[in-house]
Amino acid sequence: MFSNLFKKRKLQIFAPVNGEVLSLDKVPDPVFSEKMMGDGVAIMPDEGNIHAPIEGTVILMPDTKHAIGIRSKDGTEILIHIGLETVSLKGNGFNTHVTMGDSIAIGQLLIEVDWTYLKEHAESIITPIVITNSSDRVIQFENIKQGFAGETVLMTVSPLSRINGQ
Amino acid sequence: MEKSFKITTSEGLHARPATLLVSSVSPFTASVELLYNNKSVNLKSIMGVMAQAIPVGALVTISANGADAEELISKVTEVIISQGLGEEC
């Protein structure tokens, strides 16, 4: 039973949207690029919508619909922030398919995005994917250039204490 | 100890202001709660603070407990004022 538990303690984070995978320091906003919010990656979306990067529960869905927070069973919290300064769009350009407290499966449609509208009205469509409680976790980044929603693994998260024993 | 603030940042406590608040208190060992609308969350949790969806004009109370609680409150007050997130009340 314990060996099963341990095997499950590595959490794979899948791409939430199709696009070019970039390191977080490429995001032109210090909150993300300086990892103030936590470690992670960014995607410059090509097309398509926002899909679940992990299995978990929706813990944040602001009225402005421009971001979503998800918690996995192991407690890892992931914030997907769709574009920059998109809080000011007040929900325009987004259509949500889940609400707070919903259980979600990997690849499930979360938010439909009108990228044309965002390109016109937002500062950038670059979408940071941040582990907001990354300080007590180790993140292993995959060396990939292109992400496909629900298919490409972007990074693997494991608790700090497990790595020490390896 | 605790202190109350009125939020004045135009979009409320969304990603950027929440991150500024959380990173200002994280170095302290004291526990710290953010109370809004009778609901309290850990001010060291970005997701917790953002999930509160605190709008402009809201009254919030920050309460800290622990050895460095006083320094924490003075640091968070400085950040709230200097970053234009809110005002003391």
Residue within region A:39-48 that is surrounded by fewer than 23 Cβ atoms within 10 Å (Cβ to Cβ), in contact with a His (Cβ under 9 Å, 6 or more places away or on another chain) and closer than 23 Å to residue B:18 by Cα present: no
Selection from region A:79-114 of residues that are within 14 Å of another protein chain (Cβ to nearest Cβ) and at positive phi: A:83, A:85, A:90, A:91, A:101
Residues (modelled with pLDDT of 95 or more and touching a helix residue (DSSP H, G or I) at 6+ places or on another chain (Cβ under 8 Å)) located in region A:38-53: A:38, A:39, A:40, A:41, A:42, A:45
Residue pairs meeting the criteria (Cβ under 8 Å; at least 6 apart or on separate chains; first in contact (Cβ under 8 Å) with a residue 40 or more places away in the chain, in region A:93-115; second part of a helix (DSSP H, G or I) and hydrophobic (A, V, I, L, M, F, W, C)): A:100/B:51
Any hit, region A:79-89, residues being out of contact with any Gly (no Cβ under 8 Å at 6 or more places or on another chain), at pLDDT below 95 and hydrophobic (A, V, I, L, M, F, W, C): yes
Elements of type strands (runs of 3 or more DSSP E) in chain B, at least 3 residues being in contact (Cβ under 8 Å) with a residue 12 or more places away in the chain: B:2-7, B:31-36, B:59-65, B:86-88
Residue within region B:29-40 that is within 14 Å of chain A (Cβ to nearest Cβ) and touching a helix residue (DSSP H, G or I) at 6+ places or on another chain (Cβ under 8 Å) present: no
Positions within region A:148-163 being over 12 Å from the mean Cα position of the chain (by Cα) and either within 11 Å of residue A:19 (Cβ to Cβ) or not polar (S, T, N, Q) (or both), in sequence order: A:148, A:151, A:152, A:157, A:159, A:160, A:162, A:163
Hey, residue A:21 at pLDDT 95 or above, within 14 Å of chain B (Cβ to nearest Cβ) and either under 20 Å from residue A:118 (Cβ atoms) or surrounded by fewer than 20 Cβ atoms within 10 Å (Cβ to Cβ) (or both) or not: no
Qualifying residue in region A:104-118 (condition: loosely packed, with under 14 Cβ neighbours inside 10 Å, in contact with a strand residue (DSSP E or B) (Cβ under 8 Å, 6 or more places away or on another chain) and within 25 Å of residue A:29 (Cβ to Cβ)): no
Selection from region A:51-86 of residues that are surrounded by 23 or more Cβ atoms within 10 Å (Cβ to Cβ) and β-branched (Val, Ile, Thr): A:68, A:70, A:78, A:80, A:82, A:86
Any chance residue B:4 is in contact with a Cys (Cβ under 7 Å, 6 or more places away or on another chain) and either at negative phi or within 10 Å of chain A (Cβ to nearest Cβ) (or both): yes
Some residue of region B:53-71 being more than 14 Å from chain A (Cβ to nearest Cβ) and within 24 Å of residue A:76 (Cβ to Cβ): no
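The values are calculated or read from the model by the stated rules, or taken from the named source; none is laboratory data. From a predicted model like this one, the values you see are computed outputs, not experimental measurements. For neighbour counting, all protein chains shown are included, and Cβ atoms are generated from backbone atoms with ideal geometry for every residue, glycine included.
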